[in-house]
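Read the figures in this text as sums done on the coordinates, not as results from a lab. All values reported here derive from a predicted model rather than from experimental measurement. Ideal geometry is used to build each Cβ from the backbone, glycine not excepted, and the neighbour counts take in all protein chains shown.
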Amino acid sequence: MVGTAAWFLAIFVVGVYLAALYNQLVTLRHNVRKAWSNIDVLLRQRNDELPRLIAVCKPFIRYEQDLLEAIARARALEIAAQAAINPEQVGNAEGELRNSKAKLLAVAERYPELKASESFSHISKRIAALEASIADRRTFYNDTVQLNNVAVERFPGSVFARCFGFSAADSFHFAQASNAAGSRDV
């Protein structure tokens, strides 16, 4: 009788542990999705500002049409990558977009009328604020991904995670910029 009660207690304890483990994995997966959603919203807001920036710059920098087109192409690539919900593709597109935007801001330095434009100043500040928020949310997302990945890869959770289809998530890093410093934003 005591042996049977011990078995039931052991089965109960294992069941409670597995239920808690499953709930933890579900919570972590949802946290990763929520963190990505926060980045996605900010990227969309920033991407909505880019056509306004291009429109403000166009009359001033007529001879830099290739640069404006490069920003538009990079923006389109990023929007497509966002739709695919692929952090690696978004990071690559984001790197290209940031590189093109940095070139535009450098070119704007050569056009005092553009720099003095209130519209240019306002949109540039708005984009800079959104990019600061993106950087903050990216850090939070990568921290959330790390928590998820540790839980999914750590034993005995790894066995349980595989059985129920939980998997590691991808971190979000910007692609290598092709600027003179060759720095990487991680």
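Angle between the Cα long axis of helix 65-83 and the longest principal axis of the chain, 0 to 90 degrees, nearest 10?
The two axes meet at around 20 degrees.
How many angstrom lie between the C-alpha centres of region 158-172 and region 12-60?
The two parts, judged by their Cα centres, are 17 Å apart.
In degrees from 0 to 90, rounded to the nearest 10, what is the angle of the helix 118-153 Cα long axis to the longest principal axis of the chain?
On a 0 to 90 degree scale, this one is about 20.
Arrange the following residues from fewest to most other Cβ atoms within 10 Å of their Cβ: E64, E113.
Ordered by Cβ neighbours within 10 Å, fewest first: E113, E64.
For the chain, state the average projected area of the convex hull of the C-alpha atoms over all orientations, rounded to one decimal in nm².
Reported value for the Cα convex hull: 12.6 nm².
Please find the FRET efficiency linking V2 to R154, where r is the Cβ-Cβ separation and R0 is fixed at 22 Å, and quote it to the nearest 0.05.
Step by step, r from the Cβ atoms, then E = 0.05.
Report the calculated FRET efficiency for R162 and V16 (r = Cβ-Cβ distance, R0 = 22 Å), to the nearest 0.05.
Calculated transfer efficiency: 0.60.
Which FRET efficiency value, to the nearest 0.05, is calculated for R33 and A129 with the Förster distance at 35 angstrom and r the Cβ-Cβ distance?
Plugging the Cβ-Cβ distance into 1/(1 + (r/R0)^6) gives 0.90.
In region 117-172, which trypsin sites (Lys or Arg not before Pro) fall in coil by DSSP and have 14 or fewer other Cβ atoms within 10 Å?
R154
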